[in-house]
């Protein structure tokens, strides 16, 4: 196995002590510490597209790629109304060429027949 090049992202947090300070942050109500949130910046390239695998303590890690990734990015990633992904991309039953991915606050649909990408709130 070939080691990654020096400075390559290996999934670690490179923000120094910021993450440590955030672990003890309080929620607005001051009830309990906010859970740490990690957005993985690991990109897998197969020559055509990149895959991002965001991770949150509440939803786990799910791949976001292609038109789903582009739409999520344009909306503001996990800060958008969609939040984090809660499923992998899947073909919608009974709809050939229509794929969907569910997020905490909605869904992104991609129709490969006409190239449209739409997002919907829950």
Hits in segment 31-73 - residues which are part of a loop (DSSP other than H, G, I, E, B), at pLDDT below 55 and either closer than 22 Å to residue 112 by Cβ or touching a helix residue (DSSP H, G or I) at 6+ places or on another chain (Cβ under 6 Å) (or both): 36, 46, 47, 48
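Whether any residue in segment 74-87 is at pLDDT below 85, under 13 Å from the mean Cα position of the chain (by Cα) and assigned to a loop (DSSP other than H, G, I, E, B) is what I want to check. Talk me through it step by step, then tell me what you get.
Restricting attention to segment 74-87, the residues satisfying the condition of being at pLDDT below 85 are none.
Within segment 74-87, not a single residue is at pLDDT below 85, under 13 Å from the mean Cα position of the chain (by Cα) and assigned to a loop (DSSP other than H, G, I, E, B).
The values are calculated or read from the model by the stated rules, or taken from the named source; none is laboratory data. Worth saying up front: this structure is predicted, and the values here are computed from it rather than measured. Cβ atoms come from the backbone with ideal geometry, glycine included; neighbour counts cover every protein chain shown.
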